[in-house]
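Peer 1: Got a structure here, written out as structure tokens. Questions coming.
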Amino acid sequence: MHIPDVTMEKLLERSSLAPAEQISTLKEEGVRLKRPLQDIVLEREIATEKILAQAFADYAQIPYIELDPQAIPKEVLNVIPERVARQYNAVLFQIDADGAHHLAMEDPDDVQAVNFLQKELGTNTRIYIATTENILAALEAYRGDVNKELNEVIDIQRSEDTQNDTTAEESIAEDSAIAKTVNLLLEYAIRSHASDIHIEPREEYVQIRYRVDGVLKEVNRVPRNVIGALVSRIKILSNLKIDEHRVPQDGRFKIKVGSKQYALRVSTLPIIDGEKIVMRILDESNQAVTLEQLGYWGHSLQVINTTMVEPNGMILITGPTGSGKSTSLFSMLTILNKPDVNISTVEDPVEYKILGVNQTQTNSKAGMTFANGLRALLRQDPNIIMVGEIRDVETANLGVQAALTGHMVLTTLHTNNAATTLPRLIDMGIEPFLIASTVRSVVGQRLVRKLHKDSRQSYVPSEQEKKAIMRLFNLPADNGLKIIHELEKQAAASGVGGDTPLSTDENGIKTLWRPDKSFNDEDVHDGYRGRIGIYEVLDNSSAIEKLIMSNATSAQIQAQAITEGMITMQIDGLIKALRGETTIEEVMRVSKD
């Protein structure tokens, strides 16, 4: 939707989206940068595309609509050919009994498009306005079942009488069956909300697996005879060497599906049966979510909100690969990202791009390591520094020195939980008094699969299950259930689990939640949809500083943190399971030592 500057100014005034002085400033900025006022407003987050579309709809007296792509009948959608619908960004979503056609458009001011479509559909056509993203999502409904399409292409290749691997030019051309296979594999993965794609050659076939919500699942098997062309096609997209099969290679490319752009990080690895390829899918249109949306609440949220605004020090986030550490850092940096602070990062790789933050990619071949990058950042007058990971003693020392000299340093480390991070730094050669004086807080985290609200069931646990929970979560027999009940009430008050009724009372656990396996929805996998974090946040209090100085064990540090109010990851997971956000089994799967 393109809104002229004059109209845009009226919308801002009518909707009270910005005061007169700010509108003048935005206009001046648009003139100076030679860009439309609409772009400046969206970039500065004065309003979202949806708010602008609603404001324009009210101004132009055109009804606004939000389309549900799954609710549009196929026969209605296909009245307008896909090519025409995409050309004009228009979707026919309803035909009434009296023949009235309901048409959603991105830009109802496009007179040429409106005239053409009315000529095709008839004068009894009612025009609606929808956001660009909503229109593009609805246009994807033309595609139908991507998995079925993929299977058809694979069946054709399987039936071909070709026994040898091939990398002939015609096999990897843009319009070849291999190119179509790769495109469909990527599209199906994105529609399945996969985070990674594994293409693994076996002796008699090529195994295709997707990692969905942290769990690997086989989705297809491709004929063995196409592995050469398949690998070559992906290497061409990633700008890798096609003729190099003996050493690992890393590359990257971008694709667009619907309204979103995705970056794919590609890694190749020679194995016995050929070359394995793993592609990490990164949604570049992802907006930062709040800490609350990530799953922080109560004591954990309070400690993070307090420590991350301190002028200097160090915040450490710990957990295994794929536990959401980068996402937590991304959210914290977005909160801290203000015009009056200079934020610089050194990452490997840059997964999330943040407007206004100076982000640097490591490059070991060029000598740009975490340590060298951090050393360079310190000469760039930063207020806040984010180091992707502490991998060696040199980086750890530089991070501590940066925290000592007036910078706030955010970084990650690989340890099992928050308490073991502090002794780990001592093991790396950092003096205990430096750790005690620089570390502000430590976050330990994991990701658990999230129960889909419509595909979950509540049930009454047996006495045996209740005893197992007491044992698995190390709850004290005398007051453990009372503590859990109080924590669940606090979590409910903080919005965890939404309007889900309490699963506990003063006497113990009343109900638990499990996935409804009979629920049928392509976006829901085994009753789960998406993931949520479970956290423990250790606040470096004066008592814990003394323990660090005396070389205390991680168990002693953890015990002290718990007495000061820290909720462990497992207990946080238990509370979220009681609130219907996940299940006990999921919490134990990711957090059991």
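Peer 1: Kindly provide the set of residues from region 37-60 that are open to solvent by 20 Å² or more (accessible area, probe 1.4 Å) and in a loop (DSSP other than H, G, I, E, B), ordered by number.
Peer 2: Listed by number, the residues that qualify are Arg44, Glu45, Ile46, Thr48.
Peer 1: For region 239-258, give me the residue count where each residue is open to solvent by 40 Å² or more (accessible area, probe 1.4 Å) and not aliphatic (A, V, I, L, M).
Peer 2: 10
Peer 1: Is it the case that region 354-371 has a residue that's over 21 Å from Arg391 (Cβ atoms), surrounded by fewer than 16 Cβ atoms within 10 Å (Cβ to Cβ), at pLDDT 90 or above and among the aliphatic types (A, V, I, L, M)?
Peer 2: no
Peer 1: So which pairs qualify, if the first residue must be in region 227-249 and closer than 17 Å to Ile271 by Cα, the second must be basic (Lys, Arg), the Cβ gap must be under 6 Å, and the two must be at least 6 apart or on different chains?
Peer 2: Ile242/Lys235
Peer 1: Still on this model: For Met314, work out the one condition from (1) in a helix (DSSP H, G or I); (2) farther than 28 Å from Tyr262 by Cβ it doesn't fulfil.
Peer 2: The one condition Met314 does not meet is (1).
Peer 1: Could you tell me which numbered condition Glu9 fails, if it satisfies all but one of (1) surrounded by 16 or more Cβ atoms within 10 Å (Cβ to Cβ); (2) in a loop (DSSP other than H, G, I, E, B); (3) of a type in the set (Asp, Glu)?
Peer 2: (2)
Peer 1: I'm told Arg158 meets every condition in (1) touching a strand residue (DSSP E or B) at 6+ places or on another chain (Cβ under 9 Å); (2) outside any loop (DSSP other than H, G, I, E, B); (3) at pLDDT 85 or above except one. Can you identify the failing condition by its number?
Peer 2: Exception for Arg158: condition (3).
Peer 1: Follow-up. Of all the residues that make up region 12-36, how many are crowded, with 16+ Cβ neighbours inside 10 Å and of a type in the set (Ser, Thr, Tyr)?
Peer 2: So the answer is 1.
Peer 1: I'd like the full set of residues that are open to solvent by 50 Å² or more (accessible area, probe 1.4 Å), free of Cβ contacts under 8 Å to residues at least 60 places away in the same chain and not in a helix (DSSP H, G or I), limited to region 268-310.
Peer 2: Leu269, Ile272, Gln287, Val289, Thr290, Val309
Peer 1: Taking region 455-469 as the search range and keeping residues that are out of contact with any strand residue (DSSP E or B) (no Cβ under 9 Å at 6 or more places or on another chain) and outside any loop (DSSP other than H, G, I, E, B), which one is least open to solvent (accessible area, probe 1.4 Å)?
Peer 2: Residue satisfying both the conditions and the ranking: Ala468.
Peer 1: Of the residues in region 401-415, how many are surrounded by fewer than 20 Cβ atoms within 10 Å (Cβ to Cβ) and within 22 Å of Glu310 (Cβ to Cβ)?
Peer 2: Residues that pass the stated criteria total 4.
Peer 1: A further question on this structure: Could you check region 524-545 and list, in sequence order, the residues that are farther than 15 Å from Val215 by Cα, open to solvent by 30 Å² or more (accessible area, probe 1.4 Å) and not polar (S, T, N, Q)?
Peer 2: Asp539, Ala543, Glu545
Peer 1: Any idea how many residues of region 323-338 are open to solvent by 10 Å² or more (accessible area, probe 1.4 Å), closer than 18 Å to Ile390 by Cβ and part of a loop (DSSP other than H, G, I, E, B)?
Peer 2: 1
Peer 1: Here are Glu218, Glu203: which of them is farther than 28 Å from Asn363 by Cβ, part of a loop (DSSP other than H, G, I, E, B) and out of contact with any Leu (no Cβ under 6 Å at 6 or more places or on another chain)?
Peer 2: It is Glu203.
Peer 1: So which of Ser176, Ser171, Ser195 is at pLDDT below 65 and surrounded by 14 or more Cβ atoms within 10 Å (Cβ to Cβ)?
Peer 2: Ser171
Peer 1: Could you run through region 478-497 and say how many residues are among the acidic types (Asp, Glu), closer than 17 Å to Pro461 by Cβ and open to solvent by 30 Å² or more (accessible area, probe 1.4 Å)?
Peer 2: The qualifying residues number 0.
Peer 1: Among the residues of region 498-516 satisfying the criterion of being closer than 19 Å to Met588 by Cβ and part of a loop (DSSP other than H, G, I, E, B), which is most open to solvent (accessible area, probe 1.4 Å)?
Peer 2: Restricting to residues being closer than 19 Å to Met588 by Cβ and part of a loop (DSSP other than H, G, I, E, B), the top hit is Thr511.
Peer 1: Might you let me know whether region 21-36 holds any residue that is closer than 25 Å to Asn89 by Cα and part of a helix (DSSP H, G or I)?
Peer 2: For region 21-36, residues closer than 25 Å to Asn89 by Cα and part of a helix (DSSP H, G or I): absent.
Peer 1: Identify all residues within region 372-400 that are farther than 22 Å from Arg280 by Cβ, open to solvent by less than 20 Å² (accessible area, probe 1.4 Å) and touching a residue at least 40 places away in the same chain (Cβ under 8 Å); write none if there are none.
Peer 2: Those that are farther than 22 Å from Arg280 by Cβ, open to solvent by less than 20 Å² (accessible area, probe 1.4 Å) and touching a residue at least 40 places away in the same chain (Cβ under 8 Å): Pro382, Ile384, Ile385, Gly399, Val400.
Peer 1: Go through region 83-98 and give me each residue that's farther than 11 Å from Ala138 by Cα, outside any strand (DSSP E or B) and either of a type in the set (S, T, N, Q) or open to solvent by 30 Å² or more (accessible area, probe 1.4 Å) (or both).
Peer 2: Arg83, Gln87, Tyr88, Asp96, Ala97, Asp98
Peer 1: When you go through (1) in contact with a Ser or Thr (Cβ under 7 Å, 6 or more places away or on another chain); (2) modelled with pLDDT under 95 one by one for Ala468, which number turns out not to apply?
Peer 2: For Ala468, the failing item is (1).
Peer 1: Could you list, ordered by first residue, the pairs with Cβ atoms under 7 Å in which the first is in region 22-41 and free of Cβ contacts under 8 Å to residues at least 12 places away in the same chain and the second is surrounded by 18 or more Cβ atoms within 10 Å (Cβ to Cβ), at least 6 apart or interchain?
Peer 2: So the pair list comes out as Glu29/Ile40.
Peer 1: Shifting gears a bit: Would it be correct to say that Gln445 is modelled with pLDDT of 95 or more, closer than 29 Å to His525 by Cα and outside any helix (DSSP H, G or I)?
Peer 2: It is true that Gln445 is modelled with pLDDT of 95 or more, closer than 29 Å to His525 by Cα and outside any helix (DSSP H, G or I).
Peer 1: Every residue in region 108-121 that is within 36 Å of the chain's Cα centre (by Cα) and either open to solvent by 40 Å² or more (accessible area, probe 1.4 Å) or more than 11 Å from Ala90 (Cα to Cα) (or both), please.
Peer 2: Asp109, Asp110
The rows are residues; the columns are (1) under 21 Å from the mean Cα position of the chain (by Cα); (2) closer than 25 Å to Leu422 by Cα; (3) open to solvent by less than 40 Å² (accessible area, probe 1.4 Å).
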{"position": "Ala552", "(1), (2), (3)": "no, yes, yes"}
{"position": "Thr563", "(1), (2), (3)": "no, yes, no"}
{"position": "Ile567", "(1), (2), (3)": "no, yes, yes"}
{"position": "Leu578", "(1), (2), (3)": "no, no, yes"}
{"position": "Glu581", "(1), (2), (3)": "yes, no, yes"}
{"position": "Glu585", "(1), (2), (3)": "no, no, no"}
{"position": "Val590", "(1), (2), (3)": "yes, yes, yes"}
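Peer 1: Of the residues Tyr205, Tyr210, Tyr188, which is open to solvent by less than 30 Å² (accessible area, probe 1.4 Å) and modelled with pLDDT of 85 or more?
Peer 2: Tyr210
The values are calculated or read from the model by the stated rules, or taken from the named source; none is laboratory data. From a predicted model like this one, the values you see are computed outputs, not experimental measurements. Backbone-built Cβ (ideal geometry, glycine too); neighbour counts: all protein chains shown. Side chains are part of the model used for accessible areas, which takes the heavy atoms of the whole protein and leaves out ligands, DNA and RNA. Shrake-Rupley method; radii C 1.70, N 1.55, O 1.52, S 1.80 Å.
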